[in-house]
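The values are calculated or read from the model by the stated rules, or taken from the named source; none is laboratory data. Because the structure is a prediction, the values reported are computed rather than measured. Note that each Cβ is placed from the backbone with ideal geometry, even for glycine, and that neighbours are counted across all protein chains shown. Surface accessibility is based on the protein's heavy atoms, side chains included, excluding ligands, DNA and RNA. Shrake-Rupley method; radii C 1.70, N 1.55, O 1.52, S 1.80 Å.
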Amino acid sequence: MIKRTLLVIPLLLMTTGCGDPPAACDRQCGEIRTLFTAPCASQHSGTPADCAAWVTRVSSMTRKLDKALQGKHVQDDVSEVLPRLMTAVGDFEAHKCADVNVDNVSSTDARQSKCNEALIATRGDLGSLYFSADVPD
């Protein structure tokens, strides 16, 4: 995989006025890194109900990032990934996936499938944001 370079940190500094680069990096990239490395970010862990709190945190971070970047010139990678991530999170929330358990008889197979798809999309799009933004380790 070719790692694409994106200087999100200086861009966020300019758009949010967060202060000097190290402090802003800790705040902005730290949250993306934490969410990316969380157990629910893995394709092999957790049901939609198990990962609902994680998706809520991804949603909150995504809204804050989108607001910070409004009206600013943003690298193409981020301008493509951010709306997809917001859509995936919105789909998860719209299907009320926090209520869907694998063993829940009242959850229809179709709803379970849609929730799984939304969770997988959220994971993938967050991963794309992480790598597109070149978040430091």
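Worth a mention:
- Of the residues examined, Lys3 is one that is part of a loop (DSSP other than H, G, I, E, B) and either surrounded by fewer than 19 Cβ atoms within 10 Å (Cβ to Cβ) or at pLDDT below 85 (or both).
- Meets criteria (of a type in the set (S, T, N, Q) and modelled with pLDDT under 85) for Thr47: yes
- Among (1) crowded, with 16+ Cβ neighbours inside 10 Å; (2) modelled with pLDDT under 80; (3) farther than 18 Å from Tyr130 by Cα, the one test that Ala23 misses: (1)
- Output for the range 58-72, where each listed residue is out of contact with any Leu (no Cβ under 8 Å at 6 or more places or on another chain) and modelled with pLDDT under 90: Lys64, Lys67, Gln70, Gly71
- Listed by first and then second residue, the pairs linking a residue in the range 73-84 that is farther than 17 Å from Met61 by Cα to a residue that is part of a loop (DSSP other than H, G, I, E, B) and among the charged types (D, E, K, R), with Cβ atoms under 8 Å apart and 6 or more places separating them unless they lie on different chains, are Asp77/Arg4.
- In the range 70-81, the residue that is nearest to Val135 (Cα to Cα) out of those that are open to solvent by 10 Å² or more (accessible area, probe 1.4 Å) and within 15 Å of the chain's Cα centre (by Cα) is Asp77.
- All positions within the range 103-128 that are aliphatic (A, V, I, L, M), modelled with pLDDT of 90 or more and either outside any helix (DSSP H, G or I) or open to solvent by less than 50 Å² (accessible area, probe 1.4 Å) (or both): Ala118, Leu119, Ala121, Leu126
- Taking every residue in the range 118-135 that is touching a residue at least 12 places away in the same chain (Cβ under 8 Å) and on the phi > 0 side of the Ramachandran plot and pairing it with any residue that is open to solvent by 10 Å² or more (accessible area, probe 1.4 Å) and not hydrophobic (A, V, I, L, M, F, W, C), at least 6 positions away or on another chain, the pairs with Cβ-Cβ distances below 6 Å are Asp134/Thr5.
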